[in-house]
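FYI, it's all coordinate maths here, none of it is from the lab. All of these numbers come straight from a predicted model, not from anything done at the bench. No Cβ is skipped: glycine too gets one built from the backbone with ideal geometry, and neighbour counts run over all protein chains shown.
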Amino acid sequence: MSNDNPDRLAATALPPGQSPEDAGSQALADALKSSFAIIRWVMYVLLAVFLFSGFFTVKPQEKAVVLRFGKLVGQGDKALLGPGPHWAFPAPIDEVKRIPIAEAQSVNSTIGWYATSPAEEASGNEAPPMPSLNPIRDGYVITGDENIIHVRGTVLYRINEPGLHYVFDFVNSSNLVQNAFDNALLFAAAGFKVDDILTRDFAGFRDRVRARLEQLANQYHLGITIDQINLRAIPPRQLAKAFASVLEADVRRSKVLNEARSYENTTLSHAAAEAAARKNAGETERNALVTSLRAEADNFTALLAQYEANPQLFMQQRQIEVLQRVVTNSQYRFLMPRGHGGQREVRLQLNPELQAPTPTELPVEDKH
Amino acid sequence: MKRNTLILIVGALLLAMFVLLLFVFQVRTTEVAVVTTFGRATRPITEPGAYFKWPWPIQKVQKFDKRIHNFESKFEQVLTPDGYNLLIMVYAGWTISQPDVFFPRFNGSIRQAEENLEGIIRNAYAGVVGQHPLSHFISTDEKELKFTVVEQEILDRIQRDAKASGYGIEIKFLGIKKLGLPESVTQLVFERMQSERELQETKIKAEGQNAADVIRSGANLESAKILAKADAEATRIRGQGELEAAKAWQVFQKNPELASFLLQINALEQFLKERTTLILDQTTPPLQLLTPAVPKNQR
């Protein structure tokens, strides 16, 4: 190693002419020798530090690129250094630039919101609305049907690989994303009706905002992916009551309609049940009529032969049979002797309350 | 001798580094630069890398941020041709395209450049907005809404003006950031919105009631129809039954006398079925046996 030279020089300088006047130069040589040793070690250390300063670590959620003399090393995706330790030439030669690729970024848009602060909002101590909106203080958007509403939102996005455009092309990339987001809100609101944004088609409004934002991001070559857009839209506070009562009327309308529909359902199902019952009744009647008549007809045919043999006897026989059955089944029977050709009077006391006529009363009626 | 060579080597290295620092400069990928010779811009550099120059005080290097600068205009009022006062704010992205023109023009100051840009942009949108009615900015009709057309027209005009004024800058894109109405107009809009809301409320109420009434009366009508149809069907079924019965009647024609007798006797038995009280004449057929000759036990 050439760095050993100073030592050897100092050592070999002494021996040849060792005279007393050389004592001073001897001391000088010693001093020189030790200081050269120190300088040598300092140089080693400096060299080590210099080379070591070229090491850097890329964290898991980021990538890095190296600029050599200001120029990007590598092209496109190849320029990207993944997570882990890396080495580059130290300061004046190389420069390391980190790109937060996987990290979720977010920007807010408040151009459409009235003047308020998060603290005021959290505590519910917002200043009461003025009768008009000051264009400098209060933000709002104008809808397609010339209504004023408030809209604000947050967009969450990530930088796409390689992310070189996002990092190297803009002085303030997130600011541009925010401007594009503002523009997307304005643009979407300008084509929508107030009721669509607030109630009927909020999802459609959000899709329009997203489509516009994506289109602008592509147009500007931002190289980002939009993960999520959160939006909030409210009617102006000055008209909160009027908007609420329309909503209420809407709710009431659906209630009235639902009631009418349930009335319709019950009425129709009742009618169907009733109709079936009526048809069945008709059917039953028909069956009863037909079957009973048929039975009688059969009976008739069976009896006809007997009857024709001796009508008188047949009829008498029947009469007595029936009388027998009837008398057996009856609760009370009274036999009245026929008087000597005269008429008899029978008095009946009819009272549904009385289950049985008192036996004492009846004999009295049987007077001759 | 050896010590001298070492010193020479170290010295040469140091000298080389010093000379490099004096004669060479870097332009980063995010920068553009202009080399000035005795204060005059002589050489623009738009590509990154290491470059040679004469040392100070002969040549100097001015570096600028090449990236796209974000410019936002003031919120200003313009008049549309249909008489609306519209407040408008735009944002624009601009870059330094010719550093050798940019540097002497604005003395290298971004702020000064933006002040000039503001003027250009204001002229542009005053001119463009003056040709578009309000319905081109806000409309529910897709064909009428010309939001992007307006933006493009403003951008075209700014690009033309910026080129013509020789600022050494280029406008990359432009968009509307904010639209508004004068404060006094917002109050009028609120009044209109209020009356629109009230109108809508009464409309919704009436609509709901009407629709409900239609549903109810429709249900009543339908149920009446169903019942009438069922009645007709039941009547038809009964008629059919009677028709069938009529056929059975023919059997009785063989002996009407017997038929009539059977009917009567059945009917008699039916209505004397239960819990009846009978008062019978002694001459009724089997009972007459009780009266004449042999008086048995009376019941």
Shielding of A:185-192 by partner chains, average beta-carbon count, 10 Å: 5
When the expected Rg is taken as 2.2 N^0.38 Å, what fraction or multiple of it is the alpha-carbon Rg of the protein assembly as shown? 2.19
Protection proxy ranking, peptides B:60-66, A:62-68, B:169-175, B:254-260, average beta carbon neighbours within 10 Å, highest first: B:169-175, A:62-68, B:60-66, B:254-260
Separation in nanometres of the label points that stand 7 Å from Cα toward Cβ, at A:SER106 and B:ASN4: 7.3 nm
Where does chain A land at 222 nm, in deg cm²/dmol rounded to the nearest 500, when only DSSP H runs of n ≥ 4 count, each adding -39500 (n - 2.57), divided by all residues? -17000 deg cm²/dmol
Under the 7 Å Cα-to-Cβ spin-label approximation, B:GLN152 and A:GLN26 lie apart by a distance in nanometres of 9.6 nm
Highest GNM mean-square fluctuation, chain A, Cα pairs closer than 10 Å: which of A:GLN238, A:GLN215, A:GLN324? A:GLN324
Over the stretch B:147-299, what is the relative contact order in percent, taking alpha-carbon pairs closer than 8 angstrom and at least six residues apart? 8 percent
Please list 3J(HN,Hα) in residue order for the stretch B:101-107, calculated via the Karplus relation 6.51 cos²θ - 1.76 cosθ + 1.60 where θ = phi - 60°; whole Hz, with x for glycine and proline. 8, 4, 4, x, 5, 10, 6
Just grab the label-to-label distance for A:ALA37 and A:THR266, each label 7 Å out from Cα along the Cβ direction, in nm (one decimal). 11.1 nm
For chain B, modelled as a GNM with alpha-carbon contacts under 10 angstrom, which of B:GLN112, B:GLN250, B:GLN77 fluctuates the most? B:GLN250
Charges at C-beta only: +1 for Lys and Arg, -1 for Asp and Glu. How large is the resulting dipole of chain A about its Cα centre, in Debye rounded to 20? 660 debye
B:LYS178: which aspartates and glutamates have alpha carbons under 14 Å from its alpha carbon, excluding same-chain residues fewer than 8 sequence positions away? A:ASP138, A:ASP182, B:GLU72, B:GLU76, B:GLU151
Using the Cα centre of the protein assembly as shown as origin and beta-carbon charges of +1 (Lys, Arg) and -1 (Asp, Glu), tell me which of A:VAL251, A:ALA48, A:LEU348 is placed farthest towards the positive end of the dipole. A:ALA48
Residues with amide H under 5 Å of A:ARG333's amide H, sequence separation 5 or more or different chain, H placed in the peptide plane at 1.01 Å from N; which? B:LEU278
List every residue whose amide H lies under 5 Å from the amide H of B:GLU31, counting only residues 5 or more places away in sequence or on a different chain, with H placed 1.01 Å from N in the peptide plane. B:LYS66
With springs only between Cα atoms under 10 Å, which of B:GLN240, B:GLN264, B:GLN59 fluctuates most in a Gaussian network model of chain B? B:GLN264
Show which aspartates and glutamates lie in cross-link reach of B:LYS163 when reach means a straight Cα distance below 17 angstrom and same-chain residues fewer than eight apart are skipped. B:ASP100, B:GLU114, B:GLU115, B:GLU118, B:GLU153
Across A:LYS255/B:LYS205; A:LYS71/B:LYS66; B:LYS143/B:LYS172; B:LYS146/B:LYS203; A:LYS193/B:LYS177, pairs whose alpha-carbon gap is larger than 22 Å: B:LYS143/B:LYS172; B:LYS146/B:LYS203
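Can you give the average number of partner chain beta-carbon atoms within 10 Å of each beta-carbon in peptide A:65-71, as a whole number?
Mean number of neighbouring Cβ atoms from other chains: 6.
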How much length, in nm to one decimal, is gained on full extension between B:ALA206 and B:GLN62, taken as 0.36 nm per residue of separation minus their Cα-Cα distance? 44.4 nm
Phi to ³J(HN,Hα) by Karplus 6.51 cos²θ - 1.76 cosθ + 1.60 over the stretch B:14-29, Hz, x for Gly, Pro: 4, 4, 4, 5, 4, 5, 4, 4, 6, 9, 10, 9, 10, 10, 6, 5
Relative to chain A, whose Cα atoms define the longest principal axis, helix A:240-309 and its Cα axis are tilted in degrees, nearest 10, by 30 degrees
In Hz, Karplus ³J(HN,Hα) per residue of the stretch A:80-97 (6.51, -1.76, 1.60; θ = phi - 60°; x = Gly, Pro): 7, 9, x, x, x, x, 9, 10, 9, 4, x, 2, x, 8, 10, 9, 9, 10
What does the structure give for A:327-336 when I average, per residue, the other chain Cβ atoms found within 10 Å of the residue Cβ? 6
Can you tell me the relative contact order of chain A? Whole percent, Cα pairs under 8 Å, sequence separation 6 or more. 11 percent
Packing-based ranking, highest mean first, of A:50-61, A:168-179 given that Cβ atoms within 10 Å are counted: A:168-179, A:50-61
Length gained when the stretch A:SER245-A:ASN134 is fully extended (0.36 nm per residue, less Cα-Cα span): 37.3 nm
Amide H within-cut-off set for B:PHE137, under 5 Å, with H built and near neighbours excluded: B:LYS146
